[in-house]
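S.K.: Just dropping this structure here.
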Amino acid sequence: MENPFEKFNTWWKSALINSPLKQKNAVCISTIDSNGFPSGHFVDLKSVNEIGFIFCTYLNSAKGEHLKENSKIALTLWWDHVGYQVRVLGEAEPINENEAFTYWRTRNKEAQLTTTAFQQSKLLANEEELQSRIDRVSNQYINSEIPQPKAWGGYTIKPQSIEFLTFRESRLHLRELYTLKEGAWYKSLLQP
Ligand SMILES: Cc1cc2nc3c(=O)[nH]c(=O)nc-3n(C[C@H](O)[C@H](O)[C@H](O)COP(=O)(O)O)c2cc1C
């Protein structure tokens, strides 16, 4: 039985070759808010391993609050240049502090400053505050490493199902559905 994580990474690698996309790793994750509404958010997919799909964010953002109440999550992506769609359903689990710190260190200084300067999803008084907050933290950390904010971390989406769709102009799309049952992955095909 083909391993869907390996299949995903093979697709991802091929999508990155000559990719015309500026934001090459952007995927849409969907959480459920406290009123039961789905809520879509684009995030950068950091990596995919045998456990799941990892993204980073503020743990107390809107999506972080949704996940505290309901860990169910979907991930959807469409790579037009290769004709691949992937849909993942699963549960999100916070990554541990060491892993989060490793991702923190991969962020460039500008991204670290922005993450430190803001409380994602909270109200901003006015547009000028964008720059004034950045100026304040830039001065604060002018000669020193920027510590990882407590509220920043990441999640692993542990999938229960992963559907790979190979788009065809004829609309005879190939839909390969992998479902996890008692620890083993089963593959089936779906009509287009
Ligand atoms: C291409 C792209 C990539 C993004 N990557 C991330 C990301 O990795 N982490 C993140 O927290 N927000 C990312 N964002 C911003 C989110 O889409 C979203 O606006 C933000 O996380 C606030 O979400 P929330 O208030 O719904 O929780 C990205 C936005 C775009 C357009």
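The values are calculated or read from the model by the stated rules, or taken from the named source; none is laboratory data. If you're wondering where the values come from, they're calculated on a predicted model, not measured in any experiment. Don't worry about glycine lacking a Cβ; one is built from the backbone with ideal geometry, like all the others, and counts go over all protein chains shown. Just so you know, the surface numbers come from the protein's heavy atoms only, side chains and all, with ligands and any DNA or RNA stripped out. Shrake-Rupley method; radii C 1.70, N 1.55, O 1.52, S 1.80 Å.
S.K.: For segment 162-178, which residues satisfy the criterion of being more than 10 Å from Tyr84 (Cα to Cα), surrounded by fewer than 17 Cβ atoms within 10 Å (Cβ to Cβ) and among the hydroxyl-bearing types (Ser, Thr, Tyr)?
M.R.: Listed by number, the list holds a single entry, Ser170.
S.K.: Residues to consider are Gln148, Gln131; find the one that is surrounded by fewer than 13 Cβ atoms within 10 Å (Cβ to Cβ) and of a type outside the set (Lys, Arg). Don't jump to the end; show me each part of the working.
M.R.: On the way: Gln148 fails: surrounded by fewer than 13 Cβ atoms within 10 Å (Cβ to Cβ).
Residue meeting the stated conditions: Gln131.
S.K.: When segment 2-32 is examined, which residues are found to be farther than 24 Å from His66 by Cβ and polar (S, T, N, Q)?
M.R.: Asn3, Asn9, Thr10, Ser14, Asn18, Ser19
S.K.: Still on this model: For segment 60-67, check the following and say yes or no: at least one residue is open to solvent by less than 20 Å² (accessible area, probe 1.4 Å), among the polar types (S, T, N, Q) and under 30 Å from Phe167 (Cα atoms).
M.R.: Looking for residues that are open to solvent by less than 20 Å² (accessible area, probe 1.4 Å), among the polar types (S, T, N, Q) and under 30 Å from Phe167 (Cα atoms), one finds none in segment 60-67, hence no.
S.K.: Determine the pairs where a residue that is of a type in the set (A, V, I, L, M, F, W, C), located within segment 143-165, has a partner that is outside any strand (DSSP E or B) with Cβ atoms under 6 Å apart, the partner being 6 or more residues away or on another chain.
M.R.: Ile146/Gln112; Ile146/Thr116; Ala151/Leu59; Ala151/Asn60; Trp152/Thr115; Ile157/Gly52; Ile162/Pro4; Leu165/His173
S.K.: While we're looking at this one, here's another question. Going residue by residue through segment 98-107, is there one that turns out to be of a type in the set (A, V, I, L, M) and surrounded by fewer than 16 Cβ atoms within 10 Å (Cβ to Cβ)?
M.R.: The first filter runs over segment 98-107 and keeps only residues of a type in the set (A, V, I, L, M), leaving 100.
Remaining after also requiring surrounded by fewer than 16 Cβ atoms within 10 Å (Cβ to Cβ): none.
There is no residue in segment 98-107 that is of a type in the set (A, V, I, L, M) and surrounded by fewer than 16 Cβ atoms within 10 Å (Cβ to Cβ).
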